[in-house]
Structures are given as structure tokens and as C-alpha cells.
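Step one of this worksheet: look at the structure below.
The values are calculated or read from the model by the stated rules, or taken from the named source; none is laboratory data. None of the values given here were measured: they were computed from a predicted structure. Cβ placement follows ideal geometry from the backbone for every residue including glycine, while neighbour counts extend to all protein chains displayed. Heavy atoms of the whole protein, side chains included, go into the accessibility calculation; ligands, DNA and RNA do not. Shrake-Rupley method; radii C 1.70, N 1.55, O 1.52, S 1.80 Å.
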Amino acid sequence: MINKFIGLFLLSVISFFCEAQTFSGYIKDKNTEEAIIGASIFNLDNQSGCKTNNFGFFSITNITYPAQFKIQSLGYLPDTITINSPSPQQNFYLKKNNNSLKTVVIKSQQEVTPQMQSLSISDIKLMPTLAGEPDVLKSFQLLPGVQGGREGTSGLHVRGGSADQNLILLDDIPLYNVNHIGGFFSIFDVNAINSIDLIKGSFPAKYGGRLSSVLDIRMKEGNASKFEGNIDLGVLTTRASIQGPITSKTKFILSLRRCNIDLPTRAYFNLISPNKSNLGFTFYDAYSKITHQFNANNKVNLSVYNGRDRLFFGSKNNEDNIANKLYDYKNGTAWGNLLTVAKWTNSSFKNLFINTTAAFTKYYYTNELEYAAKEKNTNTILYSGQNSLQSSIQDFTLKTDATYYYNKHTIRYGLGGQQHTFQPSQQRYKQVNNNITQDTTVQNTTIKALEFTFYIEDEMLVSKKILFRGGLHGNNFSVEKKNYFTLQPRANLQFTIDDNHSMSAGYSVMNQNVHLLSNIGTGIPVDLWLPATANVSPAQSKEYSAGFYKNNILDQFNISIESYYKTMSGLIDFSDGQSFFGNGANWEDKIQKNGKGEAYGAEFFIKKTSGNLTGFLSYTHSYSNRKFDSINAGAWYPYKFDRRHNFNINLNYPLKKNIIISANFVFQTGHAITLPSALQPVVHFSTNFNNGNNYIPVFDMSMYDAFYYGGRNQNRMPNYHRLDVAVHFNKQKKNGERNWNISIYNAYGRLNPYYLYFDYDKKKNLHLYQFSLFPFVPSVSYSRSWH
């Protein structure tokens, strides 16, 4: 493999002497000079072309001058450029389409991107959402092959996978936790995001580390020509951002978001509580990026993201008049991410693009409880204690990615390394009583792992109708004196029938060296990331996929039909009755490992791209099953979020020039759950030897009902459906834009179950009840931008 890399490098060096036939450059936004990712540039003379990469760079070979190029991207006005003679690297600029509802229809084979779907930031802002908060992850739940978790949560379950099986990248670096408020909102601030791509299958060779999907998110770099700012005021959050040039070659962006929930709860509890109780929840996100352009071919930038959730409750001087004591209590839970990314991009040669990245990222979770008992009259501390649970994972990353353009080949290759430090779970118990301190720490284990990756991939235009991409991703994960080495082949074949019809087929092997264990229940989430160890192997998936695509039906509609079959191995799950809390056993002793998974289904997607009414319709018919030797008697059972049918509609319509109405409709069959199958009486015997003064043994007998559970996930939640609507009032101001957004989540008040439970009614009859969380949620938000 090393020889192949050396050979490819030498081939790259030799090819530089032939670069006169190569035409390269960047495509950017005309107003902000922000790179346009995925823009198409098409040579009208020889019908060849390509798309810009994640940095807006393109390279086309075999150019005969003069040459005419058509440049286009969704949300921008197309442009046609004539180049009369070879020239140094060239930048092109596109103007945004002022009508946000009418997107440009791209009529070329480059439009088809099998197994990948994108949503623009403008599309996401139009969608009605819970509490009026635009949410990246919830928007992607409407796409085929993607399902959400529980009601209102932002988790993604892609093609039968778990939420932790999604590789979520921010500027090329994985994030481990992407949710706020227990999963109800994602961490991504739309004001800071440039582009988002979701890859569901036929994975390019550069991606690895997860089984089910890749969500590739790129931060904005900032406006290079003028200062811009905006502020958003909503029921849930306040957001603000500013961007602009620092010098002629340096620009920046800073975007902040803060949750408002703690402000009224703090004030309310301080007002009504005689003992200074304090209750609240808040979160924040801070995005920043600075970019410096040394010259036309060299650029560096530094990205920083920091976000945290914090739940807290405390009270002082709680009186116990009988014991003549006062009690203080304080509990806090916090979790969050820190991400720092430094990048250097080089395009000194027309047919070679190099990107070098160094990064540090950390995810942490903490739960701390402090208590104290005091003598009421003197306020003297009688005893005190502190309990805590901590978990964290941190990574140092260094990698280089290169793209080499040669004739009809686009060759991508790269290598990198990561140093992981895992602290799965540290529990500490400390108590001070009569000046005697007892301090106990359990499960205080730090695991270090070293990961090395490399990849190579060739995307070749076999003929005018056939495009083939084949590659290999290699990974070595060293942990606890054990090496896990994998070679993961990838292949995708695209066949263009004509200008508007195409087909594709793909195969991917993916490997995952980390696992996620989450607590079971409806309380505050405990998400703990755990590495593969000497006793717990990595997980692996194999996916086969195929698709048919038809564009420009009546110049308004695009249709795709895709199918997939995926197998998974090396999965883990809690053993029945186990969680992170309770006994002090090692986490490896609480899980079932070497589990298997199987998922398959068909996806249908129709998108209306022009006209006053725009939007899309998606439908997924799917199956997802799991199997563990010691769960469900070793038999296959439905995965928790296995849903047979998933149907979604998104529509946007301009009532007037400055008023847009949007709506989402969601229908899903109920996901799999485990309910008791029978009620069984249980007799309980107890013995009391203290019968008055005679000490004669007396036997007591009591009876109670116990639930009997059959197979895991053999029941279904009721079907889920809701309608969300929003009205946007936009007004152009002299120096910016003002927007009011009025939205209703679950407009017809459907009582969708959040969870089911058994309870007795007044007549002592047992019934199954449901708890509904969001029956009808109106909201209003205001935003104002300046430039």
C-alpha cells in the first residue's frame, strides 16, 4: 500500500508538466466570496464537467481553447463564461437567486448524486419547527431513509442504524454529542453553517469510523467584502452573529446561541421558594472561524466550536423540626463539546488540491450531587457528602487529504492519525462525618487508543454514460495491546441513460471503533462513549444499494427510487436489567456484545424544484432487526426504531411577495417497544420474630401482581402523525432584512404518545396509558439582519 502511495505521488509530480490542458479555480458567492460547495461547472464544448469540492475548488482537464463553461448551483443564478486562452487559476462568482422558493433546475449528468442528499440553509429556515427553532437534524428526518427517534427529538436513524452510527463532521472532524435538552434540539446554529450533505450509502473512501451515514457540515468562513450581522429572538433561544473582513486577506465569523429557559425558572423559584430553591436548564453554542488568504493558492483557517448543556437544582436550609436539622442540597448535570480545527489548503498546481488538518476535540459528561446536614440552632455542619459521575473522550487528529485530477480520473487519497483518550465512567463517593472523611472512587479507568487511517479512490469517467468510483479505506485501531486492522472496500457505478435518466449501484464496508451506551428511560440522558477493547470488538457493516433517478419531469420535478440491504456485526447493548447506575461492575460486564443487525428497505423521493409551490415528498418502507445470544432467547427481534412506513411532505408557497407559508406533514407507523404480555400473582412471605414480649415467630403472607415479559420489542407504539405550519413575514430594509416567523408544531393537536405505561384506575382495574409531550405548540420568533 505504501508503494502505491509513493507511485501515485510520483505520478502527480510528473503530471505537473502537463497541466497546460487543465483548467482550475474556485467558485464563490459574489456578495460574500464564500466558497460554493457542490457547484457544477460544465464544458459545453466536449460535454465534460465536475463539481466543486468542499472548499469550492474545481479542476477540468483536456481543455481546447476557446472553451465555453456553464456554471450553476442550487439557489444561485446560472452563468456562462467563455475562456479564450490558457490562464492561471480562475475564480468565478455566482449571484444568489433572490426568489428563495424558485431554485435553478440543473440539466446535466452531474446533477445526479446517488445516495447523497442536501438541504440548503434557506430551505431549513423555512421549515416549521418545534418552538420556532430551525434545526438541521430534524430537517433531515424528513428525507427518505432517515427516521427520528422519540417525539420531538433530533436523533437520526439512517437505514436501520442507531443514532451513534452517524459520522457527524464539523469541518472534517467528528463530533460525539450533537444534541441539546436530552435530544430535543441539535447543537447546529444555522447562522454559522455554509453547507450540509447527508450520505446514506455508496460511501466515498475518505469517510470511515461509523456504520450508517455521514453528515458532512461545513462552517461559513465569513464575508470578505463587508460586515454583516443578525440577531434572532425566539421563545427558546437568542442567537446573534457577526462576520466581515479584518484585513484585505483575512475574514472572520462569530455566531452565538443561548437557551432562555433558565431565566424565567430561576426568577420563579427564587420568588416562591422560602429556602432559596434554584432550578434551571440552559445551553449555549459558540461558533467562530478566522480565515487568512496568503495568496491565490494558499489559505489557512482556524475553527472553534464550544457548546454545553447544564441542568441544575438546589435548595438551602430545608427544615426538619423533629430532628432539629437543616439540609442543603445541590445537583448539577452538564455535558458538551469542545472542537478546535486548523486547516491549510494548497492549490498551487492546477490538477492537485491538498488539505492538511490538525484538530482537538473533546466530549464530556458530568453529574454531581452535594448535600449537607446542619444543626438548626448553630448552623454547624453535622455531615456532608458528594457523589459524582464523569465520562469523557478526547481526540488529537492530524491528517492530509489530496485530490489529483488527471484526464478522466479524479484520484483522492490521504492518510491520518488520531490519539484517543477515553474515560468511560468514573464514579466517586465522598462523605465527611464527625471529621472523618471517606472517599471512594470506582470505575476510574482511562483507556488510550491510537488510530491510523489511509484511503485511495479513483473516480473515472469510463465513457460518456458510465462513471465508476472505486476505493479502499484502511484503518488500524490499537487499544489495550491489541490491534484491529480492517480494509474496507467501496464501489459505486453510475449509468446515464440520457440527459434526464440515470441508474446507480453501490457497495460499502464500514467499520466503527467506538460504541455508545445510553440510559433507558425518560430522564436526563446519560450518553457514554466507549472504545473497542481487548474484550469488545469494533462493529462492522456491509451495505448494497441501487437507485433509479429521473430529472426535469415537466421541467419541475425530480424523482429518485433507491433500495438497500445492510448487515451489521459487533453490535453491543445493555444486558436485560442493566444500566450504568447500580452496582460497581465494569461496563464490559453489563453489556451484550457481538450482536448482529439486518436492515433493508426502499426509498421514494419526489422534489418540485420550480413554480410558486415547491417542496418534496418522501416515503420509506423499511425493516430493521437485531440479534444477541442472550437477549430475546437468541432470536431476532425488531430494533427499537424499526418502523414499517415513513411518509413526509414539505411544502412552501408565497402568499404574497413578502409572505411565505410552509408546512410539514409527518406520518410514521409506531416503533417497536416491549410491553408485558401477562400479569402473574406473586406470593411474598416474611417472618417477624418480635411478637410483643414473647418473641414467637409470626409468618406474614402478602400477594402482589408482577408483570411477565415475553420477547423484546414485540409490541408497537400507536401510529404517529402531525402537521406543522409556519408563516414567514419578510421585509427588505435599507440596510438589511426583517423577518417575523409564526409557527405551530402539531397544528391539529394530535396526542402522539411519548411513552406508554400501566396504572390502576379508581376501580383498581389495570389499564395501559400514554403520556403525550407536545399536543399543540405555537411559537413566534423575530430576526433582523444588517449589512
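Kirkwood hydrodynamic radius computed over region 132-208 comes to 13.2 Å, based on all pairs of distinct alpha carbons.
Convex hull volume of the Cα atoms of region 609-657, normalised per residue: 89 Å³. Backbone N atoms of region 219-244 closer than 12 Å to the 7 Å Cα→Cβ label point of Arg784 belong to residues 230-233. Charged side chains reduced to their Cβ positions (Lys and Arg at +1, Asp and Glu at -1) give region 447-564 a dipole of some 380 debye around its Cα centre.
If you average the C-alpha positions of region 355-406 and of region 52-82 separately, how far apart do those two centres end up, in angstrom? Going from one Cα centre to the other spans 47 Å. Using heavy atoms of the protein chains and a probe of 1.4 Å, the accessible area assigned to Ser783 is about 30 Å².
By the rule of a C-alpha distance below 25 Å, with chain neighbours fewer than 8 residues away ignored, the lysines paired with Lys640 are Lys138, Lys200, Lys542, Lys566, Lys590, Lys593, Lys596, Lys627. Overall form of region 284-340: prolate. Here a/c, set by the Cα gyration tensor axes a ≥ b ≥ c, is 1.5 or more, and a/b is the larger of a/b and b/c. Put a dot 7 Å past the Cα of Lys30, heading toward its Cβ, do the same for Ala678, and the two dots end up 7.5 nm apart. About its Cα centre, the chain has a charge dipole of approximately 1420 debye under the convention of +1 per Lys or Arg Cβ and -1 per Asp or Glu Cβ, with nothing else charged. Per residue, the accessible area of the chain comes to 45 Å² when a 1.4 Å probe rolls over the protein heavy atoms. Candidate cross-link partners of Lys299 among the aspartates and glutamates, defined by an alpha-carbon separation under 18 Å and a same-chain spacing of 8 or more, comprise Asp29, Glu33, Glu34, Asp171, Asp172, Glu221, Asp401. Rounded to the nearest 10 degrees, the angle from helix 2-15 to the longest Cα principal axis of the chain is 30 degrees. Annotation: for a label point projected 7 angstrom from Cα along Cα→Cβ of Trp344, residues of region 282-308 with backbone N closer than 18 Å are 290-303. Calculated translational diffusion coefficient of region 450-506 (25 °C, 0.890 mPa s; Stokes-Einstein with Kirkwood radius over alpha-carbon pairs) equals 183 µm²/s.
Largest first and in whole Å, the equivalent-ellipsoid semi-axes of the chain read 50, 30, 28, each the square root of five times a Cα gyration tensor eigenvalue. Does region 178-283 come out rounded, prolate or oblate, given a ≥ b ≥ c as the square roots of the eigenvalues of its C-alpha gyration tensor, rounded meaning a/c under 1.5 and, failing that, prolate meaning a/b above b/c? In terms of gyration-tensor shape, oblate.
For the chain, the longest principal axis of the Cα atoms and the long axis of helix 262-272 meet at an angle of about 20 degrees. Across region 43-89, Cα-Cα pairs farther apart than 13 Å form 62% of the total. Hydrodynamic radius of region 230-337 by the Kirkwood approach over all distinct alpha-carbon pairs: 17.4 Å. Peptides 373-384, 648-659, 755-766 ranked from most to least packed give 648-659, 373-384, 755-766, packing being the mean of other C-beta atoms within 10 angstrom over each peptide's residues.
Restricting region 278-326 to chymotrypsin sites (Phe, Trp or Tyr not before Pro) that sit in a DSSP loop and have at most 16 other Cβ atoms within 10 Å of their own Cβ leaves Phe294. The share of alpha-carbon pairs in region 730-787 lying farther apart than 13 Å comes to 73%. Rolling a 1.4 Å probe over the protein heavy atoms leaves Phe468 with an accessible area of roughly 70 Å².
Would you calculate the separation in nanometres between label points at Ala635 and Asn612, each defined as 7 Å from the Cα along the Cα-to-beta-carbon direction? That separation, rounded to one decimal, is 5.7 nm. The modelled label-to-label distance between Ile559 and Tyr93, using points 7 Å beyond Cα along the C-beta direction, is 4.2 nm.
Relative to the current alpha-carbon distance between Asn407 and Tyr371, full extension at 0.36 nm per residue lengthens the span by 5.9 nm. Shown is the FRET efficiency for Leu263 and Asn306, computed with R0 = 25 Å from the Cβ-Cβ distance and rounded to the nearest 0.05: 0.75. Between the listed residues Ile253, Ala635, Gln68, the Cα displaced farthest toward the positive end of the dipole of the chain, a dipole computed from Cβ unit charges relative to the Cα centre, is found at Gln68. When the C-alpha to C-alpha distance is required to be over 23 Å, the pairs from Lys289/Lys733; Lys51/Lys206; Lys96/Lys343 that qualify are Lys289/Lys733; Lys96/Lys343. Projecting the Cα positions of Val136, His787, Gln89 onto the charge dipole of the chain (unit charges on Cβ atoms of Lys, Arg, Asp and Glu, taken about the Cα centre) puts His787 furthest along the positive direction.
When you restrict to C-alpha pairs under 8 Å that are six or more residues apart and normalise by the size of the chain, the relative contact order lands at 10 percent.
Helices in the chain, meaning DSSP H runs of at least 4 residues, each add -39500 (n - 2.57). Divided by all residues, the mean residue ellipticity at 222 nm is -1500 deg cm²/dmol.
Straightening the chain between Phe495 and Gln68 buys 151.2 nm, computed as 0.36 nm per residue apart minus the Cα-Cα spacing. Computed with a 1.4 Å probe on the full set of protein chains, the accessible area for Tyr327 sits at about 70 Å².
At a Förster distance of 41 Å, what's the computed FRET efficiency of Ala505 paired with Ala358, Cβ-Cβ distance as r, to 0.05? The calculated FRET efficiency here is 0.65.
For trypsin sites (Lys or Arg not before Pro), the sites in region 27-97 that DSSP calls loop and that have at most 13 other Cβ atoms within 10 Å are Lys95.
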